[in-house]
Amino acid sequence: MSDSNQTPWYQRARRWGQTNITEIDPTRYDIDWWRSYWKRVRVQGVIINGGGIVAYYPSRFPQHYRAQHLGDRDLFGEVAQAAHEEGLAVLARMDSNRTTKEFYEQRPEWFTRDANGEPYMAQDRYITCIFSDYYEEFLTQVLREIAERYQPQGFTDNSWSGLRRKDMCQCENCARSFRDKHGVELPTAVDWDSPVYRAWVRWNYDRRLEIWDLFNKTTQSAGGPDCLWLGMLNGSVHNQSGRFRDHKALLERSKILMLDYQTRVQPKGMTNNSDAGKLAHGIMGWDILAPESMAQYQGRVPTFRLASKPPAESNLWMAEGFASGIQPWWHFISAYHEDRRQYKTPVPMVQWHAENEEYLFNRRPVASIGLLWSQENVDYYGRDVAKERVIFPYSGMVQALIRARIPYLPIHVDHIARDASQLTTLLLPNIGALSDEHVESIRNYVQAGGNLVVTGQTSLYTESGERRPDFALADLLGVHATEEQIGQGEIFGMNWESYSDHSYLRLTPELRAQVDGPLTGNEPAIGGERHPTLVGFEETDILGFGGRLEVVRIDEGAGDETVVPLTLIPPFPIYPPEFSWMREPRSDHPALVLRTAPASGRVAYLPTDIDRLFAKYYLPDHGDLLANVVRWASQGQIPLRVEGCGIVDCHLYQQEGRMILHMVNLTATGHMPVHEHIPVGPFQVAIQLNDDVPGSTVKALVAQQPLSITVEDGWVNFEMPSIEAHEVVVVT
């Protein structure tokens, strides 16, 4: 790849393409057409199948299975040469964790085994063991061969990290390595309470990091210091955990992130993409490129590898990526298609990306809200129910923020002291597992004036998942843990004859005596005003709950600054309808505890799992309550206000002398795949200006029009008439 200014390729290649070669493609790969397509879509790098499961070049290793129809061709070499002639970066794609039966029979000691000694398989291929010399010897030789022969800029690999956590390898390589490391035998079953099992989990994580470092050492020694082995990483921390990929440690090693992530399923849907981008940049920094494989074929229930994805679906996923600092990387499976609609799909979005580069790079996010996360919380607190315990609470908080148009940044718990000083408020959505050091960082943050929103069992467990006798943050929350919980939160999937989760929340003071409706004369007298966290609920005294409540004891020394505006209404029969009346209309179980300390920040604690419930059921009352609590805790210090109908994901950035608002229209995402864009608007927008931004000019890059503005008290105000898929507003 030619380079006049000597900037490394991984800092320059901002748009990527991949034609995932199939075994029949050597008979029909039209290189000239693809060269013209690279130019049309303005890519700067391409991913080309090299080897691993299938080799597309004449490898000198007889065990390296060649594509069925490769014949005498060197297809990888031909396509790589064409790409280099076009000035493109080339990454050799590997897929390395499984082999043929013939290979297995030659080297059976390199392969995974279950508890019965049988090999793990994927279809008709045999899965190799990451602790074997297949990785240490064979794959390193293959990488060296490709690097020396073809001089690619680097390597990617879909399946580099070996067996999944749910499949426990019991081969001799694993047994010997674990015995040497820990002096005990391999665990044979899942037991999160066992220190041996927890050591096995960490041992597997460490091995993946060793392989990452080994492969990079190999490719850089063979291909030069910038010949990087990049693997591929998933955007979901939950998925990364299932593969023993330490997301934080791997991101810290990445000079460019090759992101293989297509998950659009609920609870976050399309916003999975924007959250993944923000989370990754929060670790790597915002100057690291993060191309993402964006499939142009129909995938994810049902999957049709050779059929075109609806353009609206593809483009909206791209827009969500662009909004969070992800770069386009279009991806086709096969070099020849009878459904040729997909060739048109990425062209306008990628061309728009090229034409507006100056607004999409070298920018920093503007947000006052930080959302804490950690992979240890997924593993050691979430354990085998991490989706319910960890992923849903985080996702529910994300969805509530997006729905309220509140910009946020994911913050790793290790980086509280480093990153949180610029934020007014930290959100802790059921971060059960926290170390003493993390707790101390949070305490220091609040004592310095920072605000907290905390839910569920946050801080009740150590970083290794052992339960503490009380919340480690009890002094900040103003409550103490008990051993009791009420409800499990499955009301929408419950047995109708059961009512253990048919519960509600009581809002105080109760206002129904002044709201139109039937009266008994026994309605409570109205005493005082409701707390700001209950704004918007003036016509109701109850909210549907149906979740889990941690029974807590209010700290007697909490003082007058503690307010409890919500309490639990205990469960009562749901069926038959004649029995659905409240047996206990009130309880003394707090459902929301608010504290305002004169010398420190505000603290809101939700013993209720409203965040988890909002992710699962998306009830607007739950989302509104979460947004209200965040606004109260932040003391109104949120730099963006957007009013108007529609679901719009808003991302605010700053560059020198200007601010950038990226808005993505998610209104059409109620059903997947997305069939069409549904324009929304108008929106009344207000942005708090930086000192170096006068706010004299506002223009919309997608609509390509200036907008009329007013500037008042350091805020710029304007109307956005309409948004189809996305819009980028530049304020100068």
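The values are calculated or read from the model by the stated rules, or taken from the named source; none is laboratory data. It should be emphasised that the depicted structure is a prediction, and the values quoted were computed from it without experimental measurement. Glycine gets a Cβ as well: all are built from the backbone with ideal geometry, and neighbour counts include every protein chain shown. The accessibility values were calculated without ligands, DNA or RNA, using every heavy atom of the protein model including side chains. Shrake-Rupley method; radii C 1.70, N 1.55, O 1.52, S 1.80 Å.
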**Request:** Within the stretch 664-695, which residues have the backbone N less than 16 Å from the label spot 7 Å out from Ala703 along Cα→beta-carbon, could you tell me?
**Result:** 664-666, 678-687
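Multiplying the sequence separation of Val711 and Ala525 by 0.36 nm and subtracting their Cα-Cα distance, what value in nm do you get?
On the way: separation 186, 0.36 × 186 = 66.96 nm, distance 4.48 nm.
Gain on extension, Val711 to Ala525, equals 62.5 nm.
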**Message:** Let me see the P(r) profile for the stretch 120-199: every Cα-Cα distance counted, bins of 5 Å, each bin given as a percent of all pairs.
**Reply:** 3, 12, 18, 21, 16, 13, 9, 6, 3, 1, 0
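Please report Rg over Rh for the stretch 378-432, where both radii come from the alpha carbon positions and Rh follows the Kirkwood definition. Write down the numbers at each step before the final one.
Details: Rg = 12.3 Å, Rh = 12.3 Å.
With Rh from the inverse mean 1/r over Cα pairs, Rg/Rh is 1.00.
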**Fill in**
Projected area averaged over all directions for the convex hull of the alpha carbon atoms of the stretch 605-706, nm², comes out at 8.8
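Over all distinct Cα pairs, what is the inverse of the mean 1/r for the stretch 390-547, reported as the Kirkwood hydrodynamic radius in Å?
Values: mean 1/r = 0.0538 Å⁻¹.
Taking every pair of different Cα atoms in the stretch 390-547, averaging 1/r and inverting gives 18.6 Å.
Rg to Rh for the stretch 171-228: what is it, with Cα atoms only and Rh by Kirkwood? Walk me through the numbers before you get to the answer.
Details: Rg = 15.3 Å, Rh = 13.1 Å.
Result: Rg/Rh = 1.17.
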**Among (1) 97, 88, 50; (2) 92, 67, 51; (3) 91, 78, 51, the entry derived from the coordinates for Cα extents along the principal axes in Å** = (2)
**Complete:** Using alpha-carbon positions, the gyration tensor of the stretch 203-252 gives root eigenvalues a ≥ b ≥ c; with a/c under 1.5 called rounded, otherwise prolate if a/b exceeds b/c, else oblate, the class is prolate
**Scaled radius of gyration (Cα, divided by 2.2 N^0.38 Å) that the stretch 1-101 gives** = 1.14
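For Cα pairs less than 8 Å apart in space and 6+ apart in sequence, what is the mean separation divided by the residue count of the stretch 299-421, i.e. the relative contact order in percent?
Details: 77 pairs, mean separation 27.9, N = 123.
Across the stretch 299-421, relative contact order equals 23 percent.
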**Proximal charge balance of Ser441 [Cβ under 14 Å; K/R count +1, D/E count -1]** = -4
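Where does the stretch 364-460 land on Rg/Rh, using Cα atoms and the Kirkwood Rh?
On the way: Rg = 12.7 Å, Rh = 13.4 Å.
Radius of gyration over Kirkwood radius for the stretch 364-460 works out to 0.95.
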**Message:** Using a 1.4 Å probe on the protein heavy atoms, what percent of the accessible area of the stretch 174-304 belongs to carbon and sulfur?
**Reply:** 51
**Request:** Can you tell me the order of 652-660, 75-83, 394-402, 687-695 when each peptide is scored by its average per-residue count of other Cβ atoms within 10 angstrom, highest first?
**Result:** 394-402, 75-83, 652-660, 687-695
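Classify the stretch 591-658 as rounded, prolate or oblate, taking a ≥ b ≥ c as the square roots of the eigenvalues of its Cα gyration tensor: rounded when a/c is under 1.5, otherwise prolate if a/b is larger than b/c and oblate if not.
Numbers: a/c = 2.62, a/b = 1.17, b/c = 2.24.
Oblate, because a/c is 1.5 or more while a/b does not exceed b/c.
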**Item:** Taking all pairs of distinct alpha-carbon atoms in the stretch 228-337, Kirkwood radius in angstrom
**Value:** 14.4
**Item:** Whole-number accessible area per residue in Å² for the chain, which is evaluated in the context of all protein chains at 1.4 Å
**Value:** 40
**Fill in**
quick note, the chain, DSSP beta bridge pairs, % antiparallel (nearest 5) is 60
**Item:** Calculated on alpha-carbon atoms, Rg and Dmax of the stretch 165-315 in Å
**Value:** 18.4, 56
**Complete:** Mean separation of Cα contacts under 8 Å (at least 6 apart) over the residue count of the chain, i.e. the relative contact order in percent, is 10
**Message:** At q = 0.20, 0.21 Å⁻¹, what log₁₀ I(q)/I(0) does the stretch 52-194 have when each alpha carbon counts as one equal point scatterer in the Debye sum?
**Reply:** -1.20, -1.29
